[in-house]
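This report concerns only the one structure given below.
The values are calculated or read from the model by the stated rules, or taken from the named source; none is laboratory data. Note that the structure is a prediction, hence the values are computed from the model and not measured. Note: ideal-geometry Cβ built from the backbone for every residue, glycine included; neighbour counts use all protein chains shown.
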(Lines give C-alpha, C1' and ligand atoms only; values in the text may rest on other atoms or scores of the structure.)
Protein backbone atom coordinates (compact mmCIF):
# COMPACT_ATOMS: atom_id res chain seq x y z
CA UNK A 1 0.00 0.00 0.00
CA UNK A 2 1.87 3.01 -1.30
CA UNK A 3 0.80 6.40 -2.52
CA UNK A 4 1.66 7.03 -6.16
CA UNK A 5 0.20 10.49 -6.62
CA UNK A 6 -0.55 13.07 -3.94
CA UNK A 7 -2.28 16.38 -4.62
CA UNK A 8 -2.77 18.27 -1.36
CA UNK A 9 -4.54 21.57 -1.21
CA UNK A 10 -8.13 20.86 -2.11
CA UNK A 11 -10.86 21.45 0.43
CA UNK A 12 -12.64 18.35 1.65
CA UNK A 13 -15.89 19.67 0.21
CA UNK A 14 -14.52 19.85 -3.36
CA UNK A 15 -16.19 17.50 -5.84
CA UNK A 16 -14.07 14.42 -6.56
CA UNK A 17 -14.41 14.86 -10.31
CA UNK A 18 -13.16 18.45 -10.06
CA UNK A 19 -10.06 17.37 -8.13
CA UNK A 20 -9.38 14.62 -10.67
CA UNK A 21 -9.72 17.04 -13.61
CA UNK A 22 -7.24 19.35 -11.91
CA UNK A 23 -4.78 16.52 -11.25
CA UNK A 24 -4.93 15.31 -14.86
CA UNK A 25 -4.62 18.79 -16.38
CA UNK A 26 -1.42 19.76 -14.55
CA UNK A 27 1.90 19.86 -16.41
CA UNK A 28 3.30 16.90 -14.46
CA UNK A 29 -0.15 15.72 -13.53
CA UNK A 30 -1.69 12.41 -12.75
CA UNK A 31 -1.38 9.90 -15.58
CA UNK A 32 -2.78 6.41 -15.81
CA UNK A 33 -0.21 4.04 -17.32
CA UNK A 34 -1.33 2.30 -20.50
CA UNK A 35 -3.19 -0.91 -19.74
CA UNK A 36 -3.83 -0.01 -16.09
CA UNK A 37 -6.89 1.21 -14.25
CA UNK A 38 -7.55 3.06 -11.05
CA UNK A 39 -10.54 2.21 -8.92
CA UNK A 40 -12.75 5.18 -8.16
CA UNK A 41 -15.85 5.61 -6.11
CA UNK A 42 -19.12 6.75 -7.63
CA UNK A 43 -18.13 10.42 -7.24
CA UNK A 44 -15.71 10.14 -10.14
CA UNK A 45 -16.47 9.87 -13.84
CA UNK A 46 -16.13 6.44 -15.43
CA UNK A 47 -13.56 6.98 -18.15
CA UNK A 48 -10.45 5.59 -19.75
CA UNK A 49 -8.17 4.31 -17.02
CA UNK A 50 -10.78 4.74 -14.28
CA UNK A 51 -13.24 2.14 -13.06
CA UNK A 52 -16.24 3.14 -11.01
CA UNK A 53 -18.88 0.80 -9.60
CA UNK A 54 -22.17 0.13 -11.34
CA UNK A 55 -24.81 2.52 -10.08
CA UNK A 56 -28.03 1.16 -8.66
CA UNK A 57 -26.40 -2.11 -7.56
CA UNK A 58 -25.19 -3.30 -4.16
CA UNK A 59 -21.76 -1.88 -3.46
CA UNK A 60 -20.54 -1.76 0.14
CA UNK A 61 -19.05 -5.00 1.42
CA UNK A 62 -21.44 -5.04 4.37
CA UNK A 63 -24.34 -5.08 1.85
CA UNK A 64 -23.38 -8.61 0.81
CA UNK A 65 -25.35 -11.07 2.89
CA UNK A 66 -26.10 -13.22 -0.18
CA UNK A 67 -23.89 -13.97 -3.18
CA UNK A 68 -24.19 -11.51 -6.09
CA UNK A 69 -26.97 -12.26 -8.58
CA UNK A 70 -25.67 -10.41 -11.61
CA UNK A 71 -22.30 -9.73 -13.23
CA UNK A 72 -22.70 -6.07 -12.20
CA UNK A 73 -23.19 -7.02 -8.55
CA UNK A 74 -20.19 -9.35 -8.74
CA UNK A 75 -18.08 -6.54 -10.21
CA UNK A 76 -19.25 -4.16 -7.48
CA UNK A 77 -18.42 -6.70 -4.78
CA UNK A 78 -14.86 -7.12 -6.11
CA UNK A 79 -14.53 -3.36 -6.66
CA UNK A 80 -15.62 -2.65 -3.08
CA UNK A 81 -13.18 -5.20 -1.73
CA UNK A 82 -10.29 -3.65 -3.65
CA UNK A 83 -11.32 -0.11 -2.65
CA UNK A 84 -11.03 -1.14 0.99
CA UNK A 85 -7.26 -1.29 0.43
CA UNK A 86 -7.36 2.43 -0.37
CA UNK A 87 -9.31 3.19 2.80
CA UNK A 88 -6.87 1.10 4.84
CA UNK A 89 -3.93 3.00 3.34
CA UNK A 90 -5.37 6.32 4.48
CA UNK A 91 -6.16 4.87 7.90
CA UNK A 92 -2.60 3.61 8.20
CA UNK A 93 -1.25 7.01 7.16
CA UNK A 94 -3.27 8.71 9.90
CA UNK A 95 -2.24 6.15 12.52
CA UNK A 96 1.41 6.55 11.62
CA UNK A 97 1.37 10.36 11.48
CA UNK A 98 -0.96 11.71 14.14
CA UNK A 99 -0.39 15.23 12.85
CA UNK A 100 -2.82 14.30 10.05
CA UNK A 101 -5.66 13.38 12.41
CA UNK A 102 -6.87 16.65 13.82
CA UNK A 103 -7.27 20.27 12.93
CA UNK A 104 -4.11 21.94 11.72
CA UNK A 105 -3.04 25.40 12.76
CA UNK A 106 -0.12 25.62 10.36
CA UNK A 107 -0.10 27.87 7.33
CA UNK A 108 -1.73 26.23 4.31
CA UNK A 109 1.62 26.11 2.48
CA UNK A 110 3.11 24.19 5.42
CA UNK A 111 0.10 21.85 5.58
CA UNK A 112 0.69 20.83 1.95
CA UNK A 113 4.29 20.01 2.75
CA UNK A 114 3.33 18.04 5.84
CA UNK A 115 0.95 15.88 3.81
CA UNK A 116 3.54 15.28 1.09
CA UNK A 117 6.28 14.42 3.57
CA UNK A 118 4.01 12.03 5.49
CA UNK A 119 3.14 10.21 2.24
CA UNK A 120 6.78 10.07 1.14
CA UNK A 121 7.93 8.75 4.51
CA UNK A 122 5.09 6.23 4.53
CA UNK A 123 6.22 4.95 1.12
CA UNK A 124 9.84 4.80 2.26
CA UNK A 125 8.90 2.76 5.33
CA UNK A 126 6.75 0.41 3.26
CA UNK A 127 9.52 -0.08 0.71
CA UNK A 128 12.53 -0.37 3.04
CA UNK A 129 11.24 -2.18 6.11
CA UNK A 130 10.65 -5.92 5.71
CA UNK A 131 8.11 -5.78 8.52
CA UNK A 132 6.08 -2.62 8.88
CA UNK A 133 5.47 -1.95 12.59
CA UNK A 134 1.93 -0.84 11.78
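Within the range 66-92, how many residues turn out to be in a helix (DSSP H, G or I) and farther than 18 Å from residue 118 by Cβ?
Going through the range 66-92 one residue at a time, the tally reaches 15.
What's the number of the condition residue 111 fails, among (1) out of contact with any helix residue (DSSP H, G or I) (no Cβ under 6 Å at 6 or more places or on another chain); (2) free of Cβ contacts under 8 Å to residues at least 40 places away in the same chain; (3) within 20 Å of residue 4 (Cα to Cα); (4) in a helix (DSSP H, G or I)?
Condition (2) is where residue 111 drops out.
Can you pull out the residues in the range 99-131 that are over 21 Å from residue 11 (Cβ atoms) and within 19 Å of the chain's Cα centre (by Cα)?
Those that are over 21 Å from residue 11 (Cβ atoms) and within 19 Å of the chain's Cα centre (by Cα): 120, 121, 122, 123, 124, 125, 126, 127.
Considering only the range 93-108, state which residues are assigned to a loop (DSSP other than H, G, I, E, B) and loosely packed, with under 14 Cβ neighbours inside 10 Å.
Matches in the range 93-108: 101, 102, 103, 104, 105, 106, 107.
Check residue 56 against each of (1) modelled with pLDDT of 80 or more; (2) assigned to a loop (DSSP other than H, G, I, E, B) and name the one condition it does not meet.
For residue 56, the exception is condition (1).
Just checking, which of 61, 51, 39 is in contact with a helix residue (DSSP H, G or I) (Cβ under 6 Å, 6 or more places away or on another chain) and at pLDDT 80 or above?
So the residue among 61, 51, 39 that is in contact with a helix residue (DSSP H, G or I) (Cβ under 6 Å, 6 or more places away or on another chain) and at pLDDT 80 or above is 39.
For the range 29-50, does any single residue satisfy the condition of being farther than 25 Å from residue 127 by Cβ, outside any loop (DSSP other than H, G, I, E, B) and under 13 Å from the mean Cα position of the chain (by Cα)?
Yes, the range 29-50 contains at least one residue that is farther than 25 Å from residue 127 by Cβ, outside any loop (DSSP other than H, G, I, E, B) and under 13 Å from the mean Cα position of the chain (by Cα).
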